[in-house]
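The values are calculated or read from the model by the stated rules, or taken from the named source; none is laboratory data. Quick caveat, the model's predicted, so the values are computed rather than measured. Quick reminder, even Gly has a Cβ in these numbers, built from the backbone with ideal geometry, and neighbours come from all protein chains shown. Protein only, heavy atoms only, side chains kept; ligands, DNA and RNA dropped before computing areas. Shrake-Rupley method; radii C 1.70, N 1.55, O 1.52, S 1.80 Å.
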Amino acid sequence: MARVSLIEEGPKQKVRMANLAIVGSHSTNGVAAIHTELLRKVTVKDLAETFPERFNNKTNGITPRRWLLLANPELSAAITEVIGNNWMTDLNQLSKLRPLANDKAFRSAFRKAKRDAKSRFTDWLRSASGETIDPNTIFDCQVKRIHEYKRQLLNALRIIVLYNRLRENPGLEVPPRTFLFAGKAAPAYHLAKLIIKFINNLAGTIDGDPVTRGRLKVVFLADYNVSLAERLIPAADVSSQVSTAGYEASGTSNMKFMMNGALTIGTRDGATIEMAEEAGEENFFLFGLNAQQVEDSRGWYNPYWHYNYDPETRAALDLIASDYFSRYEPGVFAPIHDALLVHGDHYMHLADLKSYLDADQKLCELYADSDGWERKAILNIAASGKFSSDRTIAQYAAEIWDAKPCPVP
């Protein structure tokens, strides 16, 4: 009774908005299969058992007219040339691209569209901000709201490990890479703002080191918005979707990157699970704990185990603690170091770091095989049809609102 109450009892009573919304509506839905499952079995389990008929799933989608047709005209034209233009209003038509993953002419058209998009983004970034990046590097992108569960910090730890490897072995053969971050933090979320500062300081440190110049570069893109995304997403080679499993409701940047031929390195979370099901896990770089493993390890997880037994993890954290990235502001990143160690690493960054690095190695190996990379990229585009907002909205209309389609003459 206490769990399903509309009022949370205590010294100061509070209205439970989620409970009120569920009781007061005829339908409650999650926005990805894992999200709906967690609602039913964990988040509002009692209410889901009380009103089982009200709970359903509606996986999010994105509009292909903006995120492919408008944002990436060259790739859109290449697609239209081989399968016609019906995909613009029926995105499942993209499945016709599957056999073309082995077609040299279409792979060449895809390669040119990607290369040109990278060049356009590079030119725009230079003119807009003065920042110079190399379009011949791997563009590895993580663009989303800054939050601990989305784990921009995990991405930063990966970069520190790669940086340390180059410092220790300057002759190491690695593909040159540009890591692009973008996103905003809530006004009062101080740690998220500190993460933004940390990524910028990391970028400055790497830029200033001759060992990594031309081999590793980090850029935090300011003032992220849809217009910037329309430029960046077509240019991306890699989509980083690294949230702690069980925390991301769905995600939509993951779908935008997939539709534009970026390969995903990520955890089994949100809609990324369904994307991998559509394209085949062999065409994704999945890593880390799943949602059940995250939940099961809550009682015993200790980040110090990873610190003590993984030398690369320890070296990365020690570099942060030593003020290597904050020489003129000693101690400024202590809250980040403490969140990862002293306060228990709630979002399990250290638990997933080694697995992340292993997946990253496989990604780099595939990138060296341009034909293999392009095949997987095209298979991802071909599998993105499910993630059209047309499908999502049609499901809401038919299954929740009983609204009939209105043909447009």
statement: To the nearest 20 debye, the range 172-267 has a Cα-centred charge dipole, built from +1 on Lys and Arg Cβ and -1 on Asp and Glu Cβ, of 140
statement: Rounded to a whole %, the carbon-and-sulfur portion of the accessible area of the range 263-344 at a 1.4 Å probe is 51
- prompt: Which of the chymotrypsin sites (Phe, Trp or Tyr not before Pro) across the range 261-351 are loop residues per DSSP, with 13 or fewer other Cβ within 10 Å?
  reply: Trp300, Tyr328
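Past 28 Å, Cα to Cα, is the threshold; run Lys96/Lys144; Lys217/Lys386; Lys118/Lys362; Lys41/Lys362; Lys58/Lys96 against it and keep the listed order.
Working: Lys96/Lys144 31 Å; Lys217/Lys386 34 Å; Lys118/Lys362 23 Å; Lys41/Lys362 35 Å; Lys58/Lys96 25 Å.
Result: Lys96/Lys144; Lys217/Lys386; Lys41/Lys362 exceed 28 Å.
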message: Just the number please: accessible area per residue for the chain, 1.4 Å probe, all protein chains included, in Å².
response: 46
- line: Whole-Å distance linking the alpha carbon centroid of the range 284-298 with that of the range 355-381 is 22
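Would you please name the GluC sites (Glu not before Pro) within the range 144-233 that are DSSP coil residues with at most 13 other C-beta atoms within 10 Å of their C-beta?
Glu173
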- prompt: How large is the helix-only mean residue ellipticity at 222 nm for the chain, computed as the sum of -39500 (n - 2.57) over DSSP H runs with n ≥ 4, divided by its residue count, in deg cm²/dmol to the nearest 500?
  reply: -13500 deg cm²/dmol
- line: The answer for trypsin sites (Lys or Arg not before Pro) in the range 256-347 that fall in a DSSP coil and have at most 12 neighbouring Cβ atoms within 10 Å is Arg298, Arg327
statement: Counting only backbone N atoms under 15 Å from a point 7 Å out along Cα-to-Cβ of Ala77, the residues of the range 91-112 in range are 109-112
statement: Distance in Å, no decimals, from the C-alpha centre of the range 102-121 to the one of the range 180-253 is 24
- line: Shape descriptors of the chain over alpha-carbon atoms, Rg and Dmax in angstrom, are 22.4, 69
- line: Sorted by chain and then number, the residues having a modelled amide H within less than 5 Å of the amide H of Thr264, at least 5 places away or on another chain, are Ser239, Phe285
The range 267-409: relative contact order in percent, alpha carbon pairs under 8 Å with at least 6 residues between: 28
query: How many nm is it between the label spots at Arg231 and His346, if each spot is 7 Å from the Cα in line with the beta carbon?
result: 3.6
- request: Excluding residues fewer than 8 places away in the same chain, name every one of the aspartates and glutamates whose C-alpha is closer than 17 Å to that of Lys150.
  value: Asp140, Glu248, Asp269, Glu295, Asp345, Asp352
statement: If R0 = 25 Å, then Tyr328 and Lys193, at their Cβ-Cβ distance, give a FRET efficiency to the nearest 0.05 of 0.85
task: Determine the gain in length on full extension of the stretch Lys354-Asp123; use 0.36 nm per residue of separation and subtract their C-alpha separation, reporting nm with one decimal.
output: 79.6 nm
